[in-house]
Amino acid sequence: MIESAGTTGDERDEAPARNFAWRSASIGLAVVEADDAELLHGWRSDPANAYEFCTWPRSLAWLRERIERDSEDADCDAFLVLLPDGTPIGQTALSRQNMLDGTAEVELMLDPRHRGQGHGTDALDALVDLAFGELPLYRLTAETHTGNARALAVLAKSGFVQEGVSRGACLHRGRRHDLAVFSLLRPEWEALNRPRAWDA
(Lines give C-alpha, C1' and ligand atoms only; values in the text may rest on other atoms or scores of the structure.)
Protein backbone atom coordinates (compact mmCIF):
# COMPACT_ATOMS: atom_id res chain seq x y z
CA MET A 1 0.00 0.00 0.00
CA ILE A 2 1.10 3.56 -0.49
CA GLU A 3 3.26 5.26 2.09
CA SER A 4 0.77 8.11 2.56
CA ALA A 5 -2.17 5.87 3.38
CA GLY A 6 -2.33 6.94 7.03
CA THR A 7 -2.90 10.35 8.60
CA THR A 8 -0.53 12.40 10.69
CA GLY A 9 -1.37 13.75 14.10
CA ASP A 10 -1.84 17.26 12.64
CA GLU A 11 -4.30 15.97 10.04
CA ARG A 12 -6.31 14.20 12.73
CA ASP A 13 -6.49 17.41 14.76
CA GLU A 14 -8.05 19.21 11.79
CA ALA A 15 -10.42 16.41 10.74
CA PRO A 16 -13.70 15.88 12.57
CA ALA A 17 -13.77 12.91 14.92
CA ARG A 18 -15.33 9.77 13.46
CA ASN A 19 -18.25 8.22 15.25
CA PHE A 20 -17.64 4.56 15.99
CA ALA A 21 -20.52 2.40 14.83
CA TRP A 22 -18.99 -0.48 16.80
CA ARG A 23 -15.91 -0.93 18.92
CA SER A 24 -13.87 -3.38 20.94
CA ALA A 25 -11.09 -2.83 23.46
CA SER A 26 -8.45 -2.18 20.80
CA ILE A 27 -10.19 -0.97 17.62
CA GLY A 28 -13.28 0.85 16.43
CA LEU A 29 -15.39 0.47 13.31
CA ALA A 30 -16.74 3.57 11.54
CA VAL A 31 -19.08 3.45 8.56
CA VAL A 32 -17.23 4.00 5.27
CA GLU A 33 -18.21 7.27 3.60
CA ALA A 34 -17.56 8.72 0.15
CA ASP A 35 -14.84 10.98 1.61
CA ASP A 36 -12.86 7.82 2.47
CA ALA A 37 -12.50 6.92 -1.21
CA GLU A 38 -8.99 8.36 -1.65
CA LEU A 39 -7.67 6.50 1.40
CA LEU A 40 -9.23 3.21 0.30
CA HIS A 41 -8.06 3.73 -3.28
CA GLY A 42 -4.49 3.95 -2.04
CA TRP A 43 -4.82 0.69 -0.16
CA ARG A 44 -6.51 -1.11 -3.07
CA SER A 45 -3.82 0.11 -5.49
CA ASP A 46 -1.06 -1.62 -3.53
CA PRO A 47 0.28 -4.60 -5.55
CA ALA A 48 0.20 -6.92 -2.53
CA ASN A 49 -3.45 -6.15 -1.90
CA ALA A 50 -4.26 -6.57 -5.58
CA TYR A 51 -2.79 -10.07 -5.37
CA GLU A 52 -4.41 -11.01 -2.08
CA PHE A 53 -7.85 -9.74 -3.11
CA CYS A 54 -7.52 -10.95 -6.71
CA THR A 55 -8.46 -7.52 -8.01
CA TRP A 56 -6.94 -4.66 -9.95
CA PRO A 57 -6.89 -0.93 -9.28
CA ARG A 58 -9.92 0.99 -10.50
CA SER A 59 -10.25 4.74 -10.79
CA LEU A 60 -10.90 6.90 -7.76
CA ALA A 61 -14.20 8.02 -9.32
CA TRP A 62 -15.30 4.39 -9.71
CA LEU A 63 -14.50 3.63 -6.08
CA ARG A 64 -16.33 6.72 -4.85
CA GLU A 65 -19.42 5.70 -6.85
CA ARG A 66 -19.20 2.18 -5.46
CA ILE A 67 -19.02 3.46 -1.88
CA GLU A 68 -22.09 5.63 -2.49
CA ARG A 69 -23.94 2.73 -4.10
CA ASP A 70 -23.03 0.33 -1.27
CA SER A 71 -24.23 2.84 1.31
CA GLU A 72 -27.73 2.39 -0.09
CA ASP A 73 -27.41 -1.41 -0.33
CA ALA A 74 -28.83 -3.32 2.61
CA ASP A 75 -26.73 -6.34 1.59
CA CYS A 76 -23.38 -4.69 2.44
CA ASP A 77 -22.06 -2.88 5.51
CA ALA A 78 -18.51 -1.53 5.08
CA PHE A 79 -16.41 -0.05 7.89
CA LEU A 80 -13.09 1.69 8.37
CA VAL A 81 -10.97 -0.01 11.03
CA LEU A 82 -9.68 2.67 13.40
CA LEU A 83 -7.30 2.69 16.32
CA PRO A 84 -8.69 4.28 19.52
CA ASP A 85 -7.03 7.59 18.55
CA GLY A 86 -8.88 7.60 15.23
CA THR A 87 -6.00 6.47 12.99
CA PRO A 88 -7.43 4.48 10.04
CA ILE A 89 -5.61 1.18 9.60
CA GLY A 90 -7.88 -0.84 7.31
CA GLN A 91 -11.31 -1.69 6.01
CA THR A 92 -13.68 -4.52 6.85
CA ALA A 93 -17.15 -5.43 5.62
CA LEU A 94 -20.12 -7.71 5.91
CA SER A 95 -21.11 -8.27 2.29
CA ARG A 96 -23.64 -10.45 0.48
CA GLN A 97 -25.89 -10.40 3.52
CA ASN A 98 -28.98 -12.58 3.31
CA MET A 99 -31.10 -12.09 6.40
CA LEU A 100 -33.55 -14.83 5.38
CA ASP A 101 -30.84 -17.48 5.27
CA GLY A 102 -28.75 -15.77 7.96
CA THR A 103 -25.57 -15.65 5.86
CA ALA A 104 -22.92 -13.07 4.99
CA GLU A 105 -19.34 -12.87 3.74
CA VAL A 106 -16.60 -11.13 5.72
CA GLU A 107 -13.88 -9.00 4.14
CA LEU A 108 -10.76 -7.46 5.66
CA MET A 109 -7.94 -5.32 4.26
CA LEU A 110 -5.20 -3.69 6.34
CA ASP A 111 -2.69 -0.94 5.69
CA PRO A 112 0.57 -2.94 5.47
CA ARG A 113 2.21 -0.63 8.01
CA HIS A 114 -0.19 -2.00 10.61
CA ARG A 115 0.10 -5.69 9.78
CA GLY A 116 1.66 -8.18 12.16
CA GLN A 117 0.42 -6.34 15.26
CA GLY A 118 -2.77 -8.30 15.95
CA HIS A 119 -5.05 -5.65 14.44
CA GLY A 120 -6.40 -8.03 11.79
CA THR A 121 -7.61 -10.52 14.38
CA ASP A 122 -9.05 -7.73 16.55
CA ALA A 123 -10.93 -6.24 13.58
CA LEU A 124 -12.28 -9.59 12.43
CA ASP A 125 -13.35 -10.52 15.97
CA ALA A 126 -15.18 -7.21 16.32
CA LEU A 127 -16.94 -7.70 12.98
CA VAL A 128 -17.94 -11.25 13.90
CA ASP A 129 -19.32 -10.04 17.24
CA LEU A 130 -21.38 -7.47 15.37
CA ALA A 131 -22.69 -10.09 12.95
CA PHE A 132 -23.71 -12.58 15.63
CA GLY A 133 -24.35 -10.23 18.56
CA GLU A 134 -26.53 -7.63 16.83
CA LEU A 135 -27.69 -9.23 13.58
CA PRO A 136 -29.68 -12.44 13.05
CA LEU A 137 -26.86 -14.12 11.14
CA TYR A 138 -26.02 -17.79 11.50
CA ARG A 139 -23.20 -18.42 9.02
CA LEU A 140 -20.24 -16.26 7.98
CA THR A 141 -17.93 -17.15 5.10
CA ALA A 142 -14.54 -15.89 3.91
CA GLU A 143 -12.15 -16.65 1.06
CA THR A 144 -8.44 -16.05 0.64
CA HIS A 145 -5.54 -17.34 -1.43
CA THR A 146 -4.25 -20.68 -0.21
CA GLY A 147 -0.79 -19.08 -0.05
CA ASN A 148 -1.86 -16.05 2.00
CA ALA A 149 -0.37 -17.21 5.31
CA ARG A 150 -1.31 -14.06 7.25
CA ALA A 151 -4.99 -14.21 6.27
CA LEU A 152 -5.15 -17.95 6.90
CA ALA A 153 -3.74 -17.42 10.40
CA VAL A 154 -6.16 -14.56 11.20
CA LEU A 155 -9.18 -16.60 10.08
CA ALA A 156 -8.11 -19.63 12.12
CA LYS A 157 -7.40 -17.51 15.20
CA SER A 158 -10.88 -15.97 14.94
CA GLY A 159 -12.46 -19.44 14.91
CA PHE A 160 -13.14 -19.89 11.20
CA VAL A 161 -12.96 -23.45 9.84
CA GLN A 162 -11.61 -24.24 6.39
CA GLU A 163 -14.29 -26.04 4.40
CA GLY A 164 -12.38 -26.63 1.21
CA VAL A 165 -10.60 -25.08 -1.75
CA SER A 166 -12.02 -23.41 -4.84
CA ARG A 167 -9.47 -24.54 -7.40
CA GLY A 168 -8.30 -21.99 -9.96
CA ALA A 169 -10.96 -19.52 -8.81
CA CYS A 170 -8.85 -16.38 -9.22
CA LEU A 171 -6.89 -15.03 -12.18
CA HIS A 172 -4.00 -12.68 -11.38
CA ARG A 173 -1.01 -11.76 -13.54
CA GLY A 174 -1.77 -14.50 -16.02
CA ARG A 175 -1.88 -17.29 -13.42
CA ARG A 176 -4.75 -19.12 -11.80
CA HIS A 177 -4.80 -19.26 -8.00
CA ASP A 178 -6.74 -21.45 -5.58
CA LEU A 179 -8.94 -19.90 -2.90
CA ALA A 180 -9.37 -21.39 0.56
CA VAL A 181 -13.02 -21.30 1.69
CA PHE A 182 -13.74 -20.71 5.39
CA SER A 183 -16.86 -20.48 7.50
CA LEU A 184 -17.91 -19.74 11.07
CA LEU A 185 -21.30 -20.75 12.47
CA ARG A 186 -23.11 -19.05 15.32
CA PRO A 187 -22.79 -22.07 17.71
CA GLU A 188 -19.03 -22.13 17.05
CA TRP A 189 -18.81 -18.40 17.84
CA GLU A 190 -20.81 -18.93 21.03
CA ALA A 191 -18.30 -21.59 22.11
CA LEU A 192 -15.27 -19.31 21.60
CA ASN A 193 -13.56 -18.48 24.87
CA ARG A 194 -12.71 -14.82 24.33
CA PRO A 195 -14.11 -11.44 25.40
CA ARG A 196 -16.84 -9.99 23.19
CA ALA A 197 -16.56 -6.54 21.67
CA TRP A 198 -19.21 -5.16 24.04
CA ASP A 199 -17.08 -6.17 27.04
CA ALA A 200 -14.67 -3.32 26.18
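The values are calculated or read from the model by the stated rules, or taken from the named source; none is laboratory data. Here the structure is a predicted model, which is why all the values come from computation and not from measurement. Here the Cβ is made from the backbone with ideal geometry for all residues, glycine too, and neighbour counts use every protein chain on show.
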Pairs please, first residue from the range 66-78 and under 13 Å from Glu105 (Cβ atoms), second anywhere and part of a strand (DSSP E or B) and small (Gly, Ala, Ser), Cβ atoms under 6 Å, 6+ apart in sequence or on different chains. Cys76/Ser95; Ala78/Ala93
Search result, residues across the range 85-114 that are in contact with a strand residue (DSSP E or B) (Cβ under 8 Å, 6 or more places away or on another chain) and hydrophobic (A, V, I, L, M, F, W, C): Ile89, Ala93, Leu94, Ala104, Val106, Leu108, Met109, Leu110
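Look at Gly147 and say whether it is modelled with pLDDT under 95, loosely packed, with under 14 Cβ neighbours inside 10 Å, outside any strand (DSSP E or B) and in contact with a Lys or Arg (Cβ under 9 Å, 6 or more places away or on another chain). So that I can check it myself, show each step before the final result.
Numbers: modelled with pLDDT under 95: yes; loosely packed, with under 14 Cβ neighbours inside 10 Å: yes; outside any strand (DSSP E or B): yes; in contact with a Lys or Arg (Cβ under 9 Å, 6 or more places away or on another chain): no.
No: the conditions fail for Gly147.
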